[in-house]
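Note sheet for the following structure.
The values are calculated or read from the model by the stated rules, or taken from the named source; none is laboratory data. Keep in mind that this is a model prediction, so the values were computed, not measured. For neighbour counting, all protein chains shown are included, and Cβ atoms are generated from backbone atoms with ideal geometry for every residue, glycine included. These area figures cover heavy atoms from the full protein model, side chains too; ligands, DNA and RNA do not enter into them. Shrake-Rupley method; radii C 1.70, N 1.55, O 1.52, S 1.80 Å.
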Amino acid sequence: MIKVKQIFDAVEPADGHRIWVEPIGLASDLKEWCKVDLVLTHLGPPIQLWEWFNEHLDGYEYFRGCYHEALSKGPYRAALQQLVCAARKEDFTIIHQGDDPQHNTATGAA
């Protein structure tokens, strides 16, 4: 199963592997404190799109569409498909930094 959480949400055993998908890095102290297992910035949206969305939070549908297009045409498509297949047997939690639990980078990727 794939879940979505904000970086400061409580860490739970059912989270499984916790994966950071923002296009910016994560400080090692914060990574350790928030129990982030993998930092996969290359799976985040293009930085220009991410910056645009941070300034236009009402543009989530546009952001999500552009992000999906970038993921579908990007070099990591096969890796994403493998992650989805692995989620049938393992738990993964995609971690984001946004304040809105419904409209953020992680839900945009889903």
task: Return the aspartates and glutamates within reach of Lys3: Cα separation strictly under 12 angstrom, same-chain partners fewer than 8 residues apart disregarded; answer none if there are no such residues.
output: Glu12, Asp15, Glu90, Asp91
Karplus 3J(HN,Hα) series, Hz, for region 19-35 with 6.51 cos²θ - 1.76 cosθ + 1.60 (x for Gly, Pro): 10, 7, 10, 6, x, 10, x, 10, 4, 4, 5, 5, 4, 5, 4, 9, 6
message: Could you derive backbone 3J(HN,Hα) for region 44-52 from the dihedral phi with the Karplus parameters 6.51, -1.76 and 1.60 (θ = phi - 60°), listing whole Hz in sequence and x where the residue is Gly or Pro?
response: x, x, x, 4, 5, 5, 4, 5, 4
- prompt: Could you give the accessible area per residue of the chain, probe 1.4 Å, as a whole number in Å²?
  reply: 61 Å²
Estimated FRET transfer efficiency when R0 is 41 angstrom, pair Lys35-Tyr62 (beta carbons, to 0.05): 0.80
Length released on extending from Ala87 to Asn54, taking residue separation times 0.36 nm less the Cα-Cα span: 9.0 nm
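Placing unit charges on C-beta atoms (Lys and Arg positive, Asp and Glu negative, everything else neutral), compute the dipole magnitude of the chain about its Cα centre in debye, rounded to 20.
On the way: 10 positive and 16 negative charges, 112 e Å.
That gives the chain a dipole magnitude of about 540 debye.
Net charge within 15 Å of Cys34 by Cβ-Cβ distance, Lys/Arg positive one each and Asp/Glu negative one each, not counting Cys34 itself? Write out the running numbers ahead of the final one.
Numbers: positive: Lys3, Lys5, Arg18, Lys31, Lys35; negative: Asp9, Glu12, Asp15, Glu22, Asp29, Glu32, Asp37.
Taking every other residue near Cys34 into account, the sum is -2.
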message: Across the chain, what fraction of all alpha-carbon pairs, as a whole percent, falls in each successive 10 Å bin from zero upward?
response: 15, 48, 33, 4
message: Once you place label points 7 Å from the Cα toward the Cβ at Ser28 and Ser72, how far apart are they in nm?
response: 4.0 nm
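For the chain, what is the mean residue ellipticity at 222 nm derived from helices alone (per DSSP H run of n ≥ 4: -39500 (n - 2.57); sum divided by total residues; nearest 500 deg cm²/dmol)? Present the calculation step by step, with values, prior to reporting the outcome.
On the way: 5 runs with 44 residues, N = 110.
Only helices count here, giving -11000 deg cm²/dmol.
For Cα pairs less than 8 Å apart in space and 6+ apart in sequence, what is the mean separation divided by the residue count of the chain, i.e. the relative contact order in percent? Numbers along the way, then the final one.
On the way: 154 pairs, mean separation 50.1, N = 110.
Answer for the chain is 46 percent.
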query: Which residues' amide hydrogens lie under 5 Å from the amide hydrogen of Arg18, considering only partners 5 or more residues apart or on another chain, with H built in the peptide plane?
result: Asp37, Leu38, Thr93
message: At 1.4 Å probe size, with the rest of the protein present, what percent of the exposed accessible area of region 30-74 is carbon and sulfur atoms?
response: 54 percent
- prompt: Which one of Ile47, Leu71, Ala10 is farthest out on the positive end of the charge dipole of the chain, using unit charges on Cβ (Lys, Arg +1; Asp, Glu -1) and the Cα centre as origin?
  reply: Leu71
